[in-house]
Every structure is written in structure tokens, then in C-alpha cells.
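**Student:** Quick one: the structure is below, questions incoming.
Each reported figure results from applying straightforward, stated rules to the coordinates on display, with no laboratory input. Keep in mind the model is a prediction, meaning the values are calculated, not measured. Don't worry about glycine lacking a Cβ; one is built from the backbone with ideal geometry, like all the others, and counts go over all protein chains shown.
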Amino acid sequence: MSKPSPIMVYNLLPKKNCGECKVPTCMAFALKLIEGEAEFEECPYLTEEQKIKLSALISPPIKAVSFGKRKLIVGGERVLYRHELRFFHPTIFSININDSLSEEKIKEKALYIKNFKIERAGEKFLIDSITVTSESGDCEKFRKAVRIIKETSDLPLILYSLNPKVIQAGVDEIADEKPILCSAKIDTLKSFIEISKRYSCPLTLESSDLNELKIMAEKANGLEVLLNPGAPSIKPFNLLSNVIAIRRCGIEFKIKEFSHPILAALNFIAKEAWMEALLASMLIIRYASILILNLMSIENLLPLFILRESVYSNPRVPATVSPGLYEIGKPNENSPVILTTNYALTYYLVTGDLENAGINCYVLIFDSQGMSVLNALAGGLLSSEAIKKLIQESKIEEKVSHRKLVIPGGIAKLKWEIEEATGWEVIVGPEESSGLPSFLKREGLC
Amino acid sequence: MEDLHKFLKVKFEVPEIPYPGSIVKVKIGALKSEGGTRRKTFIVGGEKTFPFFSKETNPPILALQVLDKPLNVPKQVLMEIKEAVNDPVEWAKLCIEKFQAEVLAIKFISAHPSYGVKSKIEIKETLKKILNDIEVPLILCAPGSDEKDAEILEEAAKIAKGEKCILASATLTNNYKKIVEAALKNEHLVAAETDCDPALQKSLNERLMNEGLSIDQIVMDPTSAALGLGIEYSISIIEQLKLNALKGDEKALQAPIACIRASPYSLTCREAWIEDLGLGSPEIRGILWESITALSLFIAGANIIVMMNPKALIQLKTFFDLGEKN
């Protein structure tokens, strides 16, 4: 990955250090621009010429495209591997609804998608978008399906048909909502480009032949474009190879025609739910910006949501959960109280091991700013005073009748200090969370 | 725009800038003619890029793990292997004959100090029977205890002399010198285990090589993070190690990657097993959890993946078969 030097970017900024971009100095703003953490539009003093130069210097190699009323952004990616910087705009899950379904069924599906919600450690997973597919090939039917879905949910839409007339009928229903038009093939490209221009909607180009896709992208120059490198009959692994080839051409080889976000319509390609889920997981890791899915059930979507959240997390910021008091199982006033940090991995390991063993207890999550137990200790974040404060703020003393705190084995040396500061008896637990359930039982704590 | 078709005669080829380095080839298992008793052996490694980046992509070698004593066996696994869970040899047979695992991993969990130490004689007996009844290459897994690992692997290595098993694992904190010695004396390979840190992995590999191993006698197990438990760390560490190896300047990192811990660990993730009506079928979820974990490791660049739930292994194998077809 080649990055411009901070000084090159700084020289194009006004050097006023006015702070109006909410970054104290122009140099700091330059660094943020390079890391993709700020947009140059946030600086109010740039001339048009500076903007053009900056854009050439720092624009991501993969263009960003936005769609829907709420301007959902896809693409804008800069690297092939997340450790090099990060991935920016998480893969959109767009669930497919066919227009050949009955009106009630369409409404029911749209409602289910709209209300879909899973929560995990304070995180909410929602479906991002709906795709309306013309199975009937009938303009009026398609128009009607789009209308029903639009009236049921305000999720950003993707309209799918290979017939430009059908697409025209659909987009006419939601002219000001910027749906993605999907998909132009080489023979229908001209009509699709006209519709895309007329309604200012992003256009998807579809072909499993990369040469054909490149020629089409050249013709669609100037439009907001997405690439769908798999016709319905493509072999799953060929689709994957195409997606990877396109992204490498866009980032490694800077080929302009391939610098667009990628859309994959798995609803046509995978025959069964599990297969769709596995294919989707590969494409979350490897570069798809939008996945059109048939999948609706929670057990299939949950692992995909978690994979997406993981892959698109910032590798420079440790994953955390909110500090405070958490209940495992159904604890009562005699249940043990266990202390650990808010590093997300620690949290999932500790609570997973306890839950797995069927233990009812309280877990006090300490704000270690995402550091593991040992690092938090070394960094001075884990002190007896901070633990005292946590005990007070969490009101754990009102929930349990005992005053016994189990601490991680790694911070055994804080035992006396914590006892003195809090008045609680401190029990030094094992170093690994996997040993915690048997430890609690052995010590007679549960 | 009607003339677009005339451009189509050209086939677009992705520009290729080959990496200077490649992953070292490592052979697992030894046939009768090679001093072992395995019926099949595998060569892993040799690749010059990431999966699906070039035309040839080999699917990963998929192994199943059995425990020598049924301690904390996930419910999902129990449902598949039933009573055989009490007999590691029967369990192993199921893995190979019924579920078609290509490699068998046996973990001597009973030797872990926190479970009370099983006598070495029992471990020897178990391994002898497995060597006799199972014909695929083996991964011999220590209990994961700094004080016990080397001792157990030394015993196991002797019994399986000449079989080219993977001794799993040498770490920076256990007695890796003894493990390397056992591997060299008895013709085995060594897995080098670290946790998501390229610098530590390099340091461990170098130490193993200083003890006398060559790079084609090492596989790396750089992560234990599964889906929902930090899979992103697994993906990034594997990608970093692969890139370092392919760029050619880190010879010590050119060993293939064997993910021995991460996939079985996926079954401990709360969402993988919990019976919560709001989260749909726990069975479907559990299988998917492990196959997505394993698939993620593969996509990032892992060559060998040890799994635990037979249904997840079957799902993944079916996926690799179908992926080539329409």
C-alpha cells in the first residue's frame, strides 16, 4: 500500500490551524486524511484547485458509492489486507424479495426484514437493505412490489432485473430514493445508462467475463458504478476468483475500470442456505461491498453479522464492551462476583466459559480501555482505587450479601491493596478463564 | 454502442507480479516404504500466493480432533459420536471411516495437571491402538501445560517413531528443546504455537531451527481465535505471516500454517451453542459456526485445519466439492 507523505498533504492545506475541522492543527488533519479517518470537505478553506489536488492524492483507490434515502455508503476501500490500515464500509446485507410472491407475502417479508434485530453485548445487528427481484418480467408487477416494500420499510433498495423496461417501471415508483439499479449487461448497457442518468441512481454492471465488465465500466464512466462479476450460472469459486481479481486490479494495479465497489447476488448462485452462508463469509473477508442474499433466518445470519463486524473492525483500536455489572445465568445474593477487563476477547472468553459451565454469577467489567488484564495492570489502569469506584458505581453491594471478589490470577499482587481499599475479601482466581468454573466449584463459591 | 461486441475477443488477464518467495513444502505422514505405516501422506505448502488469487487453489487439509479422555466435549460433538466418546480409538475410527477426515489429531488432555494425571502407560496404549487402527497421518497434541507438554510429546514421539506426525506444539514457554529433540530422534514434524504475534512466531521458529529443525519440519499454529472470539486476529495474523513469507525476506516464516486450536475453540463461543429461541436452531448455528471459522482460516491462508464437529467438517468438504461446480 502506498501512502502520500503527510507533508505533501499538509502543503495543500490552508495551514491556519483554525480547528474548524475539529482537529487542532492542519498537520494532524493531514494525518487523518491519509489514514482515511477524515474527509477533506471538513476543511472550509480549501480552494477548488486544492480540492482537486488533494482528491488525487488521498482518494481511496476504490470509489465510494452511496444509495438509499439515508445515503448508505459502500466501497471507499484502500487496502487488500485489513492489517495494512483497515476496511472502511462494512459489507451490506440486502435480503431478496421476488415480485412473483403474493402481495401479502411481499409485505410480510418486508416487515420481517424491517423488524429483524439481534443484540450481542450491547451491539445491534440489523438488516441493511432489501433487493426487489423481477421474477415475473412484468413491469406492473414489479412496480407494485416496489410500492408495497417502499410503504412497509424505508430501507435502501436494490432493484434487480435484466430488462431495462422493468427497472424503469420500478425506479419510477421511488424516483427520489436513489435505489441501486441492477444489472446492466453488455446488450442493455445503453438503456441502463440512460435510466441511471435520468434518476441519478448507481448502476450495477453484470458479467462473469472481466474483459466485458471492463469495457462496460469504460462506457459507464462518470456514473456511480458497482460491479457484479457473476451471472446466475457462475461456479461459486469462479465468482470468488473474479471478486478477488477485480479488487486487486483496483488497488494493486490501479486499473480505473475496476475501481468500483463489488456486488454479488448470492441468491442466484447458492442452492442451499448453508452454502449461501459459507459463500457469503468468504466474500465478507474478500472484498464484496454488497451481498444479495436469500437468507432470512437468524441462525444463518448471526455468524455473518459477527464475521462482518470482526473483519471491518479497526485493527488499531482494541474491541471493547461497556464496563459495568453483567449477570451470567440467574445469580442471587449468594452468587460469586468475578472481576475482569472490558477487552472484548476477555469478556467473551470469561462469560462464555462461565455460561458454558452453567454457573450463575455476577461479572464486574472493569474499564481497561480495551487492554487485557496483564496490560491493564502494567499500564497502571487496574488499581485498587479504580476497583473501589467500580464496586460503588455498579451497586453490587446491594445485590449480594457476601463481600468476596474473585480477581484474575494475573493480578494476584493487587490482592492486599484491593482488600484494604474496598473492605472486600479478595480471592485470587486462575490465570486462564477456562479454569474458572472448576475453581469456583473447588472453592465452594457456587 | 452496438459495436461493443468487437472488443470482446480480448480476454482480460489480471496483471501478475509474482512474489519472490513461496511457502515451503512439508510432507506429513510416512508410508511403509518410507519407514512409517500410514496408507496415505500429504504434502502441504508450496503455494506462491493466497487462495483464489491465482488459478490453482488447493483446498485445505481437514483434520478431526479426538480427546484421549472425554473432558468438556462440546454437546454438538457428543451428538455425533455418542458412546464412542469414551473410547478414543473408536472415536478416531468414526472420524476417519464415517466422517472422512484426512488427518487425525489426538489430544492427550488427560495428562493436563488440572485433570489429575493419567498414567503414561495409558497414553502409550491409546496411541499404539490408534497407530494400529488408523491409517491416516497424525497430529499428536500435548495437553497444553508448560510442565507436561514436552514429557508427553516425547513419549508419544517414541511410540510413533518414523510416522512423520506433527508434534503439537512447541511454544516459547514450554520445553521446546526437548520437543525438537524428540522430533529429530523419531522423525516427526513440530508445530510452533504462538498467539497472534508475527514477531514472537518468528522468534519461536528461529529457536526451533537453532535446535536443529529445518524449515520443512515446521508448521505454524499462530492463533486460537475463532468466530465471535476474535476471528479478525486470526485472519490478520495469517495474512501477515503469509505476506512476510511470500515477500521472501523472512525465510523463518515460510513454513505452512496448521490451525490446530482455533476451529475446535469456536464451539465454546456462546452464540455457537446456546439454546435461545431468539437465535434460531442451535444445531444449524453450531455447525455453521465452526465451518465459517475454518473457512475464514483457509481464506486467510491456512494449509491444515483441525476441526472438532464432524458435521462442520462434512459441510466444509461438501462446500469445496460444490464450489467447483454450477
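**Student:** About the Cα centre of the protein assembly as shown, how large is the charge dipole given +1 on each Lys and Arg Cβ and -1 on each Asp and Glu Cβ? Please answer in debye to the nearest 20.
**Tutor:** Working: 94 positive and 100 negative charges, 236 e Å.
The calculated dipole for the protein assembly as shown is roughly 1140 debye.
**Student:** Once the Cβ-Cβ distance between residue B:100 and residue B:158 is put in as r, and R0 is 45 Å, what FRET efficiency do you end up with, to the nearest 0.05?
**Tutor:** That gives a FRET efficiency of 0.90.
**Student:** Another question about this same structure. Can you tell me what share of the DSSP beta bridges in region A:64-312 is antiparallel? A percent to the nearest 5 is fine.
**Tutor:** 20
**Student:** Still on this model: More than 13 angstrom separation, counting every C-alpha pair in region A:139-187; what % is that?
**Tutor:** Counting every Cα pair in region A:139-187, those more than 13 Å apart make up 51 percent.
**Student:** Over chain B, calculate the relative contact order: mean separation of alpha carbon pairs under 8 Å at least 6 apart, over the residue count, as a percent. Can you show the working numbers first?
**Tutor:** Numbers: 657 pairs, mean separation 63.6, N = 326.
Once divided by the residue count of chain B, the mean separation gives 20 percent.
**Student:** Also, quick follow-up: Rounded, prolate or oblate, given the Cα gyration tensor of region A:277-374, with a/c below 1.5 counting as rounded? Provide the component values of the computation, followed by the final result.
**Tutor:** Numbers: a/c = 3.55, a/b = 1.73, b/c = 2.05.
Verdict is oblate for region A:277-374.
**Student:** So, one more: For region A:425-430, in order, what is each residue's ³J(HN,Hα) by Karplus, 6.51 cos²θ - 1.76 cosθ + 1.60 with θ = phi - 60°, in whole Hz (x at glycine and Pro)?
**Tutor:** Calculated HN-Hα couplings, in order: 7, 9, 10, 7, x, x Hz.
**Student:** Report the residue, chosen from B:106, B:237, B:17, that carries the largest GNM mean-square fluctuation when chain B is represented by alpha-carbon nodes joined by springs under 10 Å.
**Tutor:** Of the options given, B:17 has the highest mean-square fluctuation.
**Student:** Further question: Fewest to most neighbouring Cβ within 10 Å: what's the order for A:8, B:308?
**Tutor:** Fewest to most other Cβ atoms nearby, the residues stand as A:8, B:308.
**Student:** What shape does region B:113-155 take by its C-alpha gyration tensor, where a ≥ b ≥ c are the square roots of the eigenvalues and a/c under 1.5 counts as rounded, a/b above b/c as prolate, and the rest as oblate?
**Tutor:** Here region B:113-155 falls in the prolate category.
**Student:** Same structure again: May I ask for the distance between the Cα centers of region B:133-174 and region A:174-230, given as a whole number of Å?
**Tutor:** Cα centroid of region B:133-174 versus Cα centroid of region A:174-230: 57 Å apart.
**Student:** Where both residues lie in the protein assembly as shown, what percent of DSSP beta bridges are antiparallel, nearest 5?
**Tutor:** Details: 16 of 81 bridges.
Percentage antiparallel, nearest 5: 20.
**Student:** Counting only Cα, what are the radius of gyration and maximum Cα-Cα distance Dmax of region A:64-312, in Å?
**Tutor:** Cα radius of gyration and Dmax of region A:64-312 are 16.8, 49 Å respectively.
**Student:** Right, here's the next one. If each of residue A:151 and residue B:185 carries a label point 7 Å out from its Cα toward its Cβ, how far apart are those two points in nm?
**Tutor:** About 8.1 nm separates the two model spin labels.
**Student:** Another question about this same structure. Over region B:58-168, calculate the relative contact order: mean separation of alpha carbon pairs under 8 Å at least 6 apart, over the residue count, as a percent.
**Tutor:** Numbers: 163 pairs, mean separation 29.4, N = 111.
Answer for region B:58-168 is 26 percent.
**Student:** Average partner chain C-beta neighbours within 10 Å, per residue of B:231-241?
**Tutor:** Partner Cβ neighbours, averaged per residue: 5.
**Student:** Okay, next question. Tell me the net charge near residue A:23. Cut-off is 14 Å between Cβ atoms, residue A:23 excluded, with +1 for each Lys or Arg and -1 for each Asp or Glu.
**Tutor:** With Lys, Arg at +1 and Asp, Glu at -1, the net is -2.
**Student:** Build a GNM of chain A with springs between Cα atoms under 10 Å: which of A:83, A:402, A:260 gets the top mean-square fluctuation?
**Tutor:** Maximum fluctuation in the GNM of chain A, among the listed residues, is at A:402.
**Student:** Which of A:178, A:415 has the fewest other C-beta atoms within 10 Å, and how do the rest follow up to the most?
**Tutor:** A:415, A:178
**Student:** Assign unit charges at the C-beta atoms only (+1 for Lys and Arg, -1 for Asp and Glu), then state the dipole size of chain A relative to its Cα centre in Debye, rounded to the nearest 20.
**Tutor:** It works out to roughly 860 debye.
**Student:** For region A:33-83 and region B:84-128, compute the distance between their C-alpha centroids and round to whole Å.
**Tutor:** Comparing the Cα centres of region A:33-83 and region B:84-128, I get a distance of 55 Å.
**Student:** Could you derive backbone 3J(HN,Hα) for region B:30-46 from the dihedral phi with the Karplus parameters 6.51, -1.76 and 1.60 (θ = phi - 60°), listing whole Hz in sequence and x where the residue is Gly or Pro?
**Tutor:** 10, 6, 3, 5, 9, x, x, 9, 6, 8, 9, 10, 10, 10, 10, x, x
**Student:** If you count, for every residue in B:53-65, the Cβ atoms of partner chains within 10 Å of its Cβ, what is the mean?
**Tutor:** Mean inter-chain Cβ contacts per residue within 10 Å come to 1.
**Student:** Let me ask something else. Compare the peptides B:62-71, B:313-322, B:152-161, B:284-293 by average per-residue count of other Cβ atoms within 10 angstrom and give them in order, highest first.
**Tutor:** Highest mean packing first, the order is B:284-293, B:62-71, B:152-161, B:313-322.
**Student:** Let me ask something else about it. Could you work out how far apart the two model spin labels at residue A:121 and residue B:274 are, taking each label as a point 7 Å from the Cα in the direction of the beta carbon, and quote it in nm?
**Tutor:** 1.1
**Student:** Also: For region A:64-312, build the charge dipole from Cβ charges (+1 Lys, Arg; -1 Asp, Glu) around the Cα centre, then report which of A:264, A:158, A:250 sits farthest towards its positive end.
**Tutor:** Of A:264, A:158, A:250, it is A:250.
**Student:** Rounded if a/c is under 1.5, else prolate if a/b beats b/c, else oblate: with a ≥ b ≥ c from the C-alpha gyration tensor eigenvalues square-rooted, which is the protein assembly as shown?
**Tutor:** prolate
**Student:** Express in whole angstrom the spacing between the alpha-carbon centres of region A:348-401 and region A:414-446.
**Tutor:** About 11 Å separates the Cα centre of region A:348-401 from the one of region A:414-446.
**Student:** Quick check: the angle from helix B:198-210's long axis to the longest principal axis of chain B, C-alpha only, nearest 10 degrees?
**Tutor:** That works out to roughly 60 degrees.
**Student:** Is it possible to state the helix-based mean residue ellipticity at 222 nm for chain A, with each DSSP H run of 4+ residues giving -39500 (n - 2.57), the sum divided by total residues, to the nearest 500 deg cm²/dmol? What is it?
**Tutor:** -12000 deg cm²/dmol
**Student:** Within region A:399-446, list the GluC sites (Glu not before Pro) lying in a DSSP loop whose Cβ has at most 16 other Cβ atoms in a 10 Å radius. Walk me through the numbers before you get to the answer.
**Tutor:** Details: sites: A:417, A:419, A:420, A:425, A:431, A:432, A:443; in loops: A:431, A:432, A:443.
Here the GluC sites (Glu not before Pro) that fit, given the DSSP loop and packing criteria, are A:431, A:432, A:443.
**Student:** Mind checking region A:345-446 for chymotrypsin sites (Phe, Trp or Tyr not before Pro) that DSSP puts in a loop (not H, G, I, E or B) and that have at most 14 other Cβ atoms within 10 Å?
**Tutor:** Values: sites: A:347, A:348, A:362, A:366, A:416, A:424, A:439; in loops: A:424.
Nothing satisfies the criteria.
**Student:** If each residue of separation counts as 0.36 nm, what is the full-extension length gain between residue A:397 and residue A:103 once their alpha-carbon separation is subtracted?
**Tutor:** Extra length available between residue A:397 and residue A:103 comes to 100.2 nm.
**Student:** Run the quick spin-label model on residue B:75 and residue B:321: label points 7 Å from Cα toward the beta carbon, then report their separation in nm to one decimal.
**Tutor:** Distance between the two pseudo-spin positions: 3.0 nm.
**Student:** Which one of B:144, B:33, B:305 has its Cα pushed farthest toward the positive end of the charge dipole of chain B, where Lys and Arg give +1 and Asp and Glu give -1 at the Cβ?
**Tutor:** Of B:144, B:33, B:305, it is B:33.
**Student:** Just want the ordering: A:81, A:45, from fewest to most Cβ atoms lying within 10 Å of their own Cβ. List each step's numbers first, then the result.
**Tutor:** Values: A:81 17, A:45 13.
Sorted ascending by nearby Cβ count, the order is A:45, A:81.
**Student:** If you take every DSSP beta bridge fully contained in region A:324-442, what fraction is antiparallel? Give it as a percent rounded to 5.
**Tutor:** Among the beta bridges of region A:324-442, antiparallel pairing accounts for roughly 30 percent.
**Student:** I need the phi-derived Karplus couplings for region B:152-163: 6.51 cos²θ - 1.76 cosθ + 1.60, θ = phi - 60°, integer Hz, Gly and Pro marked x.
**Tutor:** 5, 5, 4, 4, 4, 4, 5, 5, 9, 3, x, 8
**Student:** May I ask you to order A:46-53, A:18-25, A:190-197 by the average number of other C-beta atoms within 10 Å around their residues, highest value first?
**Tutor:** The peptides rank, most packed first, as A:190-197, A:18-25, A:46-53.
**Student:** Along the charge dipole of region A:324-442, pointing to its positive end and built from +1/-1 on Cβ of Lys, Arg, Asp and Glu, which listed residue (A:362, A:375, A:392) has its Cα farthest out?
**Tutor:** Checking the options against the dipole of region A:324-442, the answer is A:362.
**Student:** Which three semi-axes in whole Å describe the equivalent ellipsoid of region A:358-446, each the square root of 5 times a Cα gyration tensor eigenvalue, listed largest first?
**Tutor:** Values: eigenvalues 74, 57, 31 Å².
Over the Cα atoms of region A:358-446, the ellipsoid semi-axes are 19, 17, 12 Å.
**Student:** Rounded to two decimals, what is the ratio between the C-alpha radius of gyration of chain B and 2.2 N^0.38 Å?
**Tutor:** 1.03
**Student:** If Lys and Arg each add +1 and Asp and Glu each add -1, what is the summed charge of the other residues whose beta carbon sits under 15 Å from the beta carbon of residue A:321?
**Tutor:** -4
**Student:** Given an 8 Å cut-off on Cα distances and at least 6 residues of separation, report the relative contact order of chain A as a percent.
**Tutor:** RCO, chain A: 11 percent.
**Student:** So, counting K/R as plus one and D/E as minus one, what does the shell of residues with Cβ under 14 Å around residue A:76 add up to?
**Tutor:** -1
**Student:** Further question: What do you get for trypsin sites (Lys or Arg not before Pro) in region B:205-255 restricted to DSSP loop and a cutoff of at most 16 other Cβ within 10 Å of the site's Cβ? Walk me through the numbers before you get to the answer.
**Tutor:** Working: sites: B:207, B:242, B:247, B:251; in loops: B:247.
When the trypsin sites (Lys or Arg not before Pro) of region B:205-255 are filtered for loop state and at most 16 Cβ neighbours within 10 Å, B:247 remain.
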